[in-house]
Ligand SMILES: Nc1nc2c(c(=O)[nH]1)N[C@H]1C(S)=C(S)[C@@H](COP(=O)(O)OP(=O)(O)OC[C@H]3O[C@@H](n4cnc5c(=O)[nH]c(N)nc54)[C@H](O)[C@@H]3O)O[C@H]1N2
Ligand SMILES: Nc1nc2c(c(=O)[nH]1)N[C@H]1C(S)=C(S)[C@@H](COP(=O)(O)OP(=O)(O)OC[C@H]3O[C@@H](n4cnc5c(=O)[nH]c(N)nc54)[C@H](O)[C@@H]3O)O[C@H]1N2
Ligand code: SF4
Ligand SMILES: [Mo]
């Protein structure tokens, strides 16, 4: 689909000096994706007039995309939640803050008394600030007494986090977006940056036009493939075969760094033995791609001095996503392309603060900086700071929370800014779990599919209405400043969390977001030197040392593993959890489009709706013709788990045998189709491989299968 707004990253006219809005505006950080663009919000008489990109933003350098720049009208939507609501006799009734907070504390207190603290679980919002996520984790651990806390990283890049910690030591990108311009070659596997991280997508385009040799690997010919030197179209779920094939060629052709392997890695012998089995013809047969393409990719990556690898959910949201992310690390370790400029491993983290919510310890097994809840010294430091004993038992991850609710073990949830009824897989199970809870609190800015099950809804503030910090996909901690007041009686997430904790008898002692950051710095080695003052206009990449110096590039001389060496992982290809068969012959891949953001609660309340107002099912014209499906026709999509209806969009960009759907509109119910299959180590759902059958339901306006300009 082409339209004037489709140029994903827009250069602000003001950046060229043509259209400078009055005044400097409030310098803040975008609240949509993990690129972390610095923006200026221009407000007049209490209304937001415009948002312009800030020239000083290290990630965006004067650019912003359709969402960051223009999708802000949600903030003053009439549908914003402006007063606390309690469900009485099936209806939501407006109540005072005092009554709402007291109800939450009474009900949670009673459930803790009757069923124990582990009968309660919380979700922190990766849309919220570090300070809010840290406070939410403290609420669950110290005020309630359980480690049942998780965030949307579970359904997103938890496999990346797992793999990076195992292979290299720390859970973060090893460099910054600047490495894109410093690299001579780059591999993009399972990410679609021009749609999902548009400003990074634009930086990649520009770098490619200046000579960056780009390799894309995806079952869809993504837009960046048009700018690359090689696109490898593969069968969804076969990344491991391709990556092992590339590693095979690197070793066979001597495109490896033997000194680096000897001095800085471990596990080479075992890996080399495994790689024997993955010659390109074998790997290509598994992945459904040309073996020659695997040879070429290895040479493009291996022949140059500086190369980076970027990846997204096409790597992680699979049954073996955490293993595949380790196979990506292998390539960097084998070739010594890590810890130096232009040689970065850049997972494109999704939400504006999903790196941060996990860094802050909003996870069931770790405190801030990924330190285990079972570590006595660490737990002791938090007990001393919070003045209360803390549980050493790791808590439930999101899927376990939902299973626990259905089994009757989990009685209450406190969900901050996450629409699990729409976005978690296996929607029927999620809804059954929400239904089964005795008590559900949602802290939100809009009603959504999940608040439909809430007993109490607490009206919170969007990123435009609060102070704090977000940590982007580069590990860059950046300041967030309020441009607007919260609407009506809505309050910031931090204020609400502090009040709920107090009503539960736990005084957090925070008067402002900076107090929380002071505590984070005191308790978290990677944040030791962070203050708002030091973050300044351009932020700092963690680890930030006590003197305020930061670390844009990790592992320049050692890895953060126990031995100080990078761990080469000898992990074979294993097939995905679902396979197409005679009854369900197509593979459904789900993911994103440019105009809308995840659950869509915000972008659907902006003019972006005029650009796109429904989820589509992308299908290759070869399959469409065979199935008598024409452009725009309504189709029925059936999987082993559920059925939904979508409108077809024909595109040659998707590999035959695959269909692609987004999940931004609640009425589509895309996630009814996705089952319980998940990453073996992290429980990240296998959103990217679902066997489906697709049938036409209605004739489209034009009867003949026409070709849409795909994306
Ligand atoms: N406009 C917009 N931007 C967003 C979001 C949004 O909803 N809308 N969401 C944000 C969030 S939370 C996230 S996590 C990021 C996600 O950003 P991305 O990871 O880029 O997003 P996806 O579209 O889910 O998937 C990326 C690609 O993986 C491919 N893929 C699927 N299966 C496989 C496979 O087996 N192998 C390979 N190699 N590729 C595969 C898909 O075809 C797709 O092109 O985007 C963030 N930015
Ligand atoms: N089929 C399929 N499903 C997927 C995926 C996929 O690729 N395919 N991707 C998955 C991924 S990667 C992710 S991250 C999830 C995302 O799923 P969600 O986290 O559920 O999606 P979001 O739309 O980001 O919204 C979270 C909620 O936060 C609210 N909100 C926004 N800002 C704030 C704030 O400051 N405070 C509060 N309290 N609330 C706020 C919004 O109104 C929204 O209801 O979706 C997952 N679902
Ligand atoms: S690229 Fe991401 S961070 Fe930048 S403006 Fe767009 S949505 Fe915001
Ligand atoms: Mo995500």
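The values are calculated or read from the model by the stated rules, or taken from the named source; none is laboratory data. What you see is a predicted model, and the numbers here were worked out from it, not measured in a lab. Counting neighbours? That spans all protein chains shown, and the Cβs are built from the backbone with ideal geometry, glycine included.
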## Note on the structure
Here the residues within the stretch 130-189 that are more than 16 Å from ligand 2 (Cβ to nearest atom), in contact with a strand residue (DSSP E or B) (Cβ under 8 Å, 6 or more places away or on another chain), assigned to a loop (DSSP other than H, G, I, E, B) and closer than 25 Å to residue 494 by Cα are 146, 148
### Evaluation of residue 481 against (1) more than 30 Å from residue 435 (Cα to Cα); (2) touching a helix residue (DSSP H, G or I) at 6+ places or on another chain (Cβ under 9 Å); (3) touching a residue at least 12 places away in the same chain (Cβ under 8 Å) (one fails), failing number
(2)
### Query
Limited to the stretch 378-395, what total is found for residues that are free of Cβ contacts under 8 Å to residues at least 12 places away in the same chain and surrounded by 14 or more Cβ atoms within 10 Å (Cβ to Cβ)?
2
### Query
Does residue 283 satisfy being at pLDDT 95 or above, buried (at least 24 other Cβ atoms within 10 Å of the Cβ) and touching a strand residue (DSSP E or B) at 6+ places or on another chain (Cβ under 9 Å)?
no
### Query
For residues in the stretch 653-675 being part of a loop (DSSP other than H, G, I, E, B) and away from ligand 4 (no atom under 16 Å from the Cβ), which is nearest to residue 448 (Cα to Cα)?
665
### Message
Being out of contact with any strand residue (DSSP E or B) (no Cβ under 6 Å at 6 or more places or on another chain) and either within 16 Å of ligand 4 (Cβ to nearest atom) or part of a loop (DSSP other than H, G, I, E, B) (or both): is that true of residue 578 here?
### Response
no
### Query
Consider residue 126 against the criteria (1) within 16 Å of ligand 3 (Cβ to nearest atom); (2) out of contact with any helix residue (DSSP H, G or I) (no Cβ under 7 Å at 6 or more places or on another chain): it satisfies all of them except one. Which criterion is unmet?
(2)
## Note on the structure
Among residues of the stretch 8-18 being touching a strand residue (DSSP E or B) at 6+ places or on another chain (Cβ under 9 Å) and either part of a loop (DSSP other than H, G, I, E, B) or within 16 Å of ligand 4 (Cβ to nearest atom) (or both), the residue modelled with the lowest pLDDT is 12
### Task
Find the residue count for the stretch 646-671, including only residues that are out of contact with any helix residue (DSSP H, G or I) (no Cβ under 8 Å at 6 or more places or on another chain) and under 19 Å from residue 599 (Cβ atoms).
4
### Message
Looking only at the stretch 491-505, how many residues end up being buried (at least 23 other Cβ atoms within 10 Å of the Cβ) and within 12 Å of ligand 2 (Cβ to nearest atom)?
### Response
4
### Query
How about the stretch 411-429: which of its residues are within 26 Å of residue 143 (Cα to Cα), within 16 Å of ligand 4 (Cβ to nearest atom) and in a loop (DSSP other than H, G, I, E, B)?
417, 418, 419
### Message
Suppose we filter the stretch 359-377 for residues that are free of Cβ contacts under 8 Å to residues at least 40 places away in the same chain and surrounded by 19 or more Cβ atoms within 10 Å (Cβ to Cβ); how many remain?
### Response
2
### Message
Checking the structure you have, find out if any residue of the stretch 332-348 is outside any helix (DSSP H, G or I), within 16 Å of ligand 3 (Cβ to nearest atom) and under 15 Å from residue 185 (Cβ atoms).
### Response
yes
### Query
Any idea which residue in the stretch 298-331 is farthest from ligand 1 (Cβ to nearest atom), counting only those that are in contact with a helix residue (DSSP H, G or I) (Cβ under 8 Å, 6 or more places away or on another chain) and part of a loop (DSSP other than H, G, I, E, B)?
306
### Task
Look through the stretch 349-377, keep the residues that are closer than 19 Å to residue 508 by Cα and assigned to a helix (DSSP H, G or I), and return whichever of them is farthest from ligand 4 (Cβ to nearest atom).
368
### Task
With respect to residue 261, determine if the residue is more than 20 Å from residue 567 (Cα to Cα) and at pLDDT 95 or above.
no
### Query
Inside the stretch 581-611, can you point out the residues that are part of a loop (DSSP other than H, G, I, E, B) and away from ligand 2 (no atom under 13 Å from the Cβ)?
581, 582, 583, 584, 585, 594, 595, 607
### Message
Could you tell me how many of the residues in the stretch 581-624 are under 22 Å from residue 323 (Cα atoms) and more than 16 Å from ligand 3 (Cβ to nearest atom)?
### Response
4
### Message
With the requirement that a residue be within 17 Å of residue 236 (Cα to Cα), without any contact (Cβ under 8 Å) to a residue 60 or more places away in the chain and not in a helix (DSSP H, G or I), what does the stretch 271-295 give you?
### Response
289, 290
### Where residue 79 falls short, out of the listed (1) over 20 Å from residue 468 (Cα atoms); (2) modelled with pLDDT under 95; (3) touching a helix residue (DSSP H, G or I) at 6+ places or on another chain (Cβ under 8 Å)
(2)
## Note on the structure
Filtering the stretch 524-574 down to residues that are at positive phi, without any contact (Cβ under 8 Å) to a residue 60 or more places away in the chain and either in contact with a helix residue (DSSP H, G or I) (Cβ under 7 Å, 6 or more places away or on another chain) or crowded, with 19+ Cβ neighbours inside 10 Å (or both) yields 548
### Restricting the stretch 153-189 to residues that are more than 20 Å from the chain's Cα centre (by Cα) and buried (at least 24 other Cβ atoms within 10 Å of the Cβ), the residue that is nearest to ligand 1 (Cβ to nearest atom)
186
### Message
Give me the residue from the stretch 311-353 that is under 17 Å from the mean Cα position of the chain (by Cα) and more than 16 Å from ligand 2 (Cβ to nearest atom) and, out of that set, surrounded by the most Cβ atoms within 10 Å (Cβ to Cβ).
### Response
345
#### Entry: Output for the stretch 19-48, where each listed residue is at pLDDT 95 or above and more than 16 Å from residue 482 (Cβ to Cβ)
32, 33, 34, 35, 36, 37
